[in-house]
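A quick write-up on the structure given underneath.
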Amino acid sequence: MRAFYRRIWAFARPYQTRLILGFACGVLCALTNGALILAVKLVVGLVFEGSAKIPLAHHLEKLPAFVRPLVRSLEQWLPELRSPTSTLGMMLVISTIPAVMLLRAVFAYLSIYLTNWAALRAIADLRTSLFGHLQNLSLGFFSQARTGDLISRITNDTQILHNVIGGWLGSVIKDPVTLVILLAVLLSQEPMLTLISVVVLPACLLPIIIYGRKVRKSARAMQTHAADLSNLMHESFTGNRIIKAYNLEDKVLSEFRATTRQYIGHMMRVVRANEIPSQVTEFLGGVGVALVLAYVVRFNTKSHTEADMGSFVAFIGSIFLMYPPIKNLTRLGNQMQQARSANQRVFELMDMVSTIPDPPTPVPLQARQADIHFDNIDFDYGEKPVLRGINLTVKAGQLVALVGSSGSGKTTLTNLLLRFYDPQRGTVRIGSTDIRQVAINDLRRQIALVTQETILFNDTIRNNIAVGRPGATDAEIEAAARHAHAHEFILEKPLGYEAVIGEKGVALSGGQRQRVAIARAIVKNAPILVLDEATSSLDTESERAVQAALEELMQGRTTICIAHRLSTIQKADLIAVLDHGRIVETGTHAELIQKRGIYWKLYELALDSPGA
């Protein structure tokens, strides 16, 4: 529990001034409860004893000793207080109730406002820190993680932690102070009746103990099902085309309904665990009041007559004011169990360490005019071997093509160059520099990537191209679009380069999305270019045009190209053929055709395929 608070406090510390002020206002709000009881006692006694010729100051003298100096100074300021029938004095005393209530409201508001001001910013910092931490984790982490679960942890689970700072921590301070103040007032006025009224308090602990054990398990399950709902929604929205094509709407809805039902089941367990102890506490409060009244009727009738009506009303009011903070504290234990579950889910992500760390003392990288070396590379995805004994040199300025059947390891080889993963054995070098000695940002800044799966953002076409090099001028962006043969269709859009293309570029065709991605790589102007099926979504005419633009772009750059359509790589300086994670053939197109090996078979198959 201490570690839990310590980690939360690390994010709240920058806002501790307002947080402490919020706690202080909570304490002052608690103190006004005692003042309210004293005011009620005074006013009720005054109103019901008004016919008695007793000076107002006499009633004021019944207040605790620490108030009496204030009463004496008040009498000097208002001589009417000595008169038993002073209307002004009576109105002033009666006005103490709304005055105290006003103070109570102001302090309560400030307490809630200040603690939530600090809590919202602390949790915003936590979310930002968690989001930034996830961005720096390796690609291997994201290949195994569920997107919906990550979203749920960043949003839903951190919201529960917000409640810890914004509400529960304030309750931990304010409610015990309220109880202490009210008990002190009660004991000072009616010690015997106070003891009778609180005899039922130990019984309040029983439902807390019984239900508290169930909360943490249910809270954890509830948060897991909330993550399942987020994941299901994410998959259904992003894969809506397939869902409609295969008539899966009912299946998806059924899964959503079942997961929602499980979530509601656990949620209701948490609700029961919160509310049953709370309502039992309220019932026991009524029992306490009944015991007091029974005691007065049976044993103490003469001492609690109209002459002491103010004290008795104040006493009953104090008892009822005590039970709301007791109810809050009974909920607090269960809510803390929820917070601990959320804390575990959030900080287990924060504690994950990237498997691709930056070097402690990175060396500079000069990729321009440098050869790329894959030296004796072995790589596994978990227990699955992917690459074995890879030795390949890509000369500076060369176009090297990687071909092979699906799953042969082509994309994995380029992932190692970009350092999305590190090999289990061997070294990837650019020039003489091991890329593990280079800062990751420095390495990737010098490599442009165009993938088969085109990733565009819900932004303008201009900003999607500028992702390649933030700060690129409009002229450079348009020049890149022209080279990628995208300029013409962009101008056909009503807003041109300012047209928003929707999530994942849904407003564009597949070929248009690919050409925007190619323009993004062109504007980056990096010395190394990686093309992973970069022209796969283009029609034949567009492919020829873009291929010509890419050939122009590749001049003076080192390019690694992956392609199933072998017609696009016949001009490669070197073709490496991979099979089951090994390089089995290397050479030019003509040399490999003459060998009549695996490449020749792939080429023959490609000739028989439409669009080869």
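The values are calculated or read from the model by the stated rules, or taken from the named source; none is laboratory data. On a predicted model such as this, the values are computed, not experimentally measured, just so you know. In this analysis, Cβ positions are derived from the backbone assuming ideal geometry, glycine residues included, and neighbour counts consider all displayed protein chains. When the accessible area is computed, the model is the full protein with side chains, heavy atoms only, and any ligands, DNA or RNA have been set aside. Shrake-Rupley method; radii C 1.70, N 1.55, O 1.52, S 1.80 Å.
For the reader, a short list of remarks on this structure follows.
- Residue list for region 209-262, filter: under 24 Å from Ile276 (Cα atoms) and at pLDDT 85 or above: Thr260, Arg261, Gln262
- Checking every residue in region 459-471 against the condition of being among the polar types (S, T, N, Q) and either open to solvent by less than 20 Å² (accessible area, probe 1.4 Å) or at pLDDT below 90 (or both) gives at least one match.
- Filtered residue count, region 142-184, keeping only those that are aliphatic (A, V, I, L, M) and in contact with a Pro (Cβ under 8 Å, 6 or more places away or on another chain): 1
- Pair list, Cβ under 6 Å, 6 or more apart: region 150-177 residue assigned to a helix (DSSP H, G or I), other residue open to solvent by 30 Å² or more (accessible area, probe 1.4 Å) and among the basic types (Lys, Arg): Ile154/Arg127; Thr158/Arg127
- Complete set of residues in region 475-520 that are within 14 Å of Asn463 (Cβ to Cβ), open to solvent by less than 70 Å² (accessible area, probe 1.4 Å) and touching a strand residue (DSSP E or B) at 6+ places or on another chain (Cβ under 6 Å): Ala517
- Taking first residues from region 359-380 that are within 16 Å of Val400 (Cα to Cα) and partners that are open to solvent by 60 Å² or more (accessible area, probe 1.4 Å) and in a loop (DSSP other than H, G, I, E, B), the Cβ contacts under 6 Å between residues at least 6 apart in sequence or on separate chains come to Asp371/Lys395.
- Subset tally (residues that are within 34 Å of the chain's Cα centre (by Cα) and either open to solvent by 40 Å² or more (accessible area, probe 1.4 Å) or aliphatic (A, V, I, L, M) (or both)) for region 414-454: 22
- Tally of residues being of a type in the set (S, T, N, Q) and buried (at least 20 other Cβ atoms within 10 Å of the Cβ) across region 159-188: 1
- Residues of region 565-606 that turn out to be assigned to a helix (DSSP H, G or I) and of a type outside the set (Ser, Thr, Tyr), as a count: 15
- 3 or more residues open to solvent by 80 Å² or more (accessible area, probe 1.4 Å) and modelled with pLDDT under 75: qualifying helices (runs of 4 or more DSSP H) within region 1-117: 68-77, 87-94
- For beta carbons closer than 8 Å, sequence separation of 6+ or different chains, a first residue in region 258-283 that is under 20 Å from Ala227 (Cβ atoms) and a second that is of a type in the set (D, E, K, R) and surrounded by fewer than 18 Cβ atoms within 10 Å (Cβ to Cβ), the qualifying pairs are Arg269/Lys214.
- Selection within region 352-367 - open to solvent by 70 Å² or more (accessible area, probe 1.4 Å) and among the β-branched types (Val, Ile, Thr): Val353, Thr355, Thr361
- Check on Leu206, among the hydrophobic types (A, V, I, L, M, F, W, C) and modelled with pLDDT of 80 or more: no
- Test: Thr147 is in contact with a Lys or Arg (Cβ under 9 Å, 6 or more places away or on another chain) and not aromatic (Phe, Trp, Tyr): no
- Only residues that are in contact with a strand residue (DSSP E or B) (Cβ under 7 Å, 6 or more places away or on another chain) and either charged (D, E, K, R) or open to solvent by 20 Å² or more (accessible area, probe 1.4 Å) (or both) were counted in region 368-390, giving 8.
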